């Protein structure tokens, strides 16, 4: 039996209210160790509740971002062997997913990364997809093939053999966005093999929903813009394309919200970005 380490990153929620945690409790016939990494900005008593269930609790002492949370979990797992699975706190993970993961991990021993098919609340298949700079190409059917040198996927439900992380750390300049894109960009360069599981996970993408106000939109983009420009800065050419894409976001949202000043605001935020930015 393969050792699975389910890492759930919490953000301002009670551990017992986490959709992911409640689904993981139902999993049987697999060796699953649950590791809770808490990015909450206030006390939800999660440490006590986590330890009461004999799970591992790792506090980030506030919202340190996704990359740092992942690296903290990897530090904890540095002497372990098996597969780590990354989860948001609101993922509808199923028994079917774990059954397929164990079966495929045993059968395809040369595969390094395993991803399910993620379907959004809009009915579209958002992950995996074919990596493109301006807009990734979505699959239209569950059995659509994606070349291994172009594959990309989201973080949640991504399972990775721990051996992959022996010489790899997440870029801690990335706070939330592009963490998954950056990971797959690096793994494609290393020619890692990715196996798509024949399992559909239904996921709610909050960023696909319209924000209630221009201020809440700005709050979201204050994270998105520097993260995207950091990801884009891997090469000089990509960085300038990144600036163009950010400007495109400004135009799109300015039209959607009937607020043209948002376009100029995005340009200003791009100008604030520095390659070694920290939060």
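Please treat every number below as a calculation from the coordinates, not as lab data. Quick caveat, the model's predicted, so the values are computed rather than measured. Counting neighbours? That spans all protein chains shown, and the Cβs are built from the backbone with ideal geometry, glycine included.
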**Item:** Volume of the Cα convex hull of the range 88-184, divided per residue and given in Å³
**Value:** 136 Å³
**Asked** Taking square-rooted eigenvalues a ≥ b ≥ c of the alpha carbon gyration tensor, is the range 171-279 rounded, prolate or oblate, where a/c under 1.5 means rounded and, failing that, a/b exceeding b/c means prolate?
**Response** oblate
**Prompt:** For the Cα atoms of the chain, what angle does the longest principal axis make with the long axis of helix 236-256, in degrees from 0 to 90, nearest 10?
**Reply:** 80 degrees
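Kirkwood hydrodynamic radius (Cα pairs, Å) of the range 1-131? Walk me through the numbers on the way to the answer.
Details: mean 1/r = 0.0638 Å⁻¹.
Hydrodynamic radius (Kirkwood, Cα pairs) of the range 1-131 is 15.7 Å.
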**Request:** On a 0 to 90° scale, report how tilted helix 214-232 is relative to the longest principal axis of the chain, with both axes built from alpha carbons and the result rounded to the nearest 10.
**Result:** 80 degrees
**Message:** Compute for the chain: radius of gyration divided by Kirkwood radius, i.e. Rg/Rh, restricted to C-alpha atoms, rounded to two decimals.
**Reply:** 0.96
**Message:** Just want the ordering: 31, 232, 213, from fewest to most Cβ atoms lying within 10 Å of their own Cβ.
**Reply:** 213, 31, 232
**Complete:** Among 72, 188, 132, the residue with the largest mean-square fluctuation in a Gaussian network model of the chain built from Cα contacts under 10 Å is 132
**Prompt:** Could you work out the helix-only [θ] at 222 nm for the chain, with each DSSP H run of four or more residues adding -39,500 (n - 2.57) and the total divided by the number of residues, to the nearest 500 deg cm²/dmol?
**Reply:** -11000 deg cm²/dmol
**Prompt:** residue 219 to residue 110: FRET efficiency via 1/(1 + (r/R0)^6), r the Cβ-Cβ distance, R0 41 Å, to the nearest 0.05?
**Reply:** 0.40
**Prompt:** Which angle between 0 and 90 degrees, to the nearest 10, do you get for helix 179-189 versus the longest principal axis of the chain when only C-alpha atoms count?
**Reply:** 80 degrees
**Request:** Stick to the Cα atoms of the range 180-230, pair each with every other, and give me the Kirkwood hydrodynamic radius in Å at one decimal.
**Result:** 14.1 Å
**Prompt:** Rounded to the nearest 5, what is the percent of antiparallel bridges among the DSSP beta bridges in the range 3-207?
**Reply:** 35 percent
**Prompt:** What percentage of all Cα-Cα pairs in the range 135-232 are separated by more than 17 Å?
**Reply:** 62 percent
**Asked** Give me the Kirkwood hydrodynamic radius of the range 210-272 in Å, from all C-alpha pairs, to one decimal place?
**Response** 11.7 Å
**Fill in**
Rounded to the angstrom and largest first, Cα extents along the principal axes for the range 12-84 equal 35, 26, 18
